[in-house]
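First up is the structure itself, then whatever we jot down about it.
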Amino acid sequence: MRDLGIETSGGPATRHVSDSIALGPGLVLQGARMHFRRNEEVFGEGEDADYVYRVVSGAVRTIRFSSDGRRQILNFYFPGDIFGLECGKAHSLSAEAVVDADLALVRRSAIDTAAAQDASAARALIYLVQRQLQNAQEHALVLGRKGAGERVAAFLLQLADRVTVQCEIDLPMSRADIADYLALTIETVSRAFTQMERDHTIALPSSRHVVVRNRCALELLEAA
């Protein structure tokens, strides 16, 4: 991870823009904003978990490598999502920018202090931890599905539920990212997309843009 050098003010040479993370109504913690380039590491596994992050723009993936060197993607984070919160002092995963991303950073010590002094901040912190657990459970359910088509369908439905226009999904991640998230090969993921397009369940105007044409069919495939 590069030196963050967090600043909330400074002269013309300062590259960080002041930003914040809201933990609840009327409770906003001041931090800073940083820009990360595509595929740039935000933090590494085992590094000190000194900051909590919110995605302002772009997308982030959290990853871990297996003993044989295979990459496993544990989650994707999109604008508004908060990540990097750890129970211990070190990060249990690594995080990278999927595409160019702006992130708001707040010191973990500031969040701990707020939680100790304000009940609403403590509740917000508990909610964030619960949300992380829920994300892990949802991912486990996806991986528990036997067929590749079922996994890809479940993944698309998860994304559709997170966008404003649920029938239009812009994919910031590559097929390789999707494969590593779903524990499939790139070829298997591509075949699943192609089959869904042939079945008129989705349309693919481009490799990174998915139009859900038949959500009911997608839900049936997920539940197969």
Are there chymotrypsin sites (Phe, Trp or Tyr not before Pro) in the range 74-149 that DSSP puts in a loop and that have at most 15 other Cβ atoms within 10 Å, and which ones? none
Rounded to whole angstrom, the alpha-carbon centroid of the range 203-224 lies from that of the range 140-163 at a distance of 11
So what are the ³J(HN,Hα) numbers for the range 94-103, from phi and the Karplus equation (6.51, -1.76, 1.60; θ = phi - 60°), rounded to whole Hz, Gly and Pro as x? 9, 9, 9, 6, 6, 10, 3, 9, 9, 10
Cβ-placed point charges (K, R +1; D, E -1), dipole of the chain about Cα centre in debye, nearest 20: 320
Amide H to amide H under 5 Å from Gly31: which residues, 5+ apart in sequence or cross-chain, H placed 1.01 Å off N in plane? Asp19, Ser20, Ile21
Estimated translational D of the chain in µm²/s (Stokes, Kirkwood radius over Cα pairs; 4 °C; 1.567 mPa s): 69
Using a 1.4 Å probe on the protein heavy atoms, what percent of the accessible area of the chain belongs to carbon and sulfur? 51
Acute angle (nearest 10 degrees) that the helix 186-198 long axis makes with the longest principal axis of the chain, alpha-carbon atoms: 60
With θ taken as phi - 60° and the coefficients 6.51, -1.76 and 1.60, list the Karplus ³J(HN,Hα) couplings across the range 131-147 in order, rounded to whole Hz; mark glycine and proline as x. 5, 4, 5, 5, 4, 5, 5, 5, 5, 4, 5, 5, 5, x, 6, 6, x
Which whole-number value in Å² is the accessible area per residue of the range 162-224, probe 1.4 Å? 55
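The values are calculated or read from the model by the stated rules, or taken from the named source; none is laboratory data. The shown structure was predicted, so the numbers you read here are calculated from the model rather than taken from an experiment. Positions of Cβ are backbone-derived with ideal geometry, glycine not excepted, and every protein chain shown enters the neighbour counts. With ligands, DNA and RNA removed, areas are computed over all heavy atoms of the protein, side chains included. Shrake-Rupley method; radii C 1.70, N 1.55, O 1.52, S 1.80 Å.
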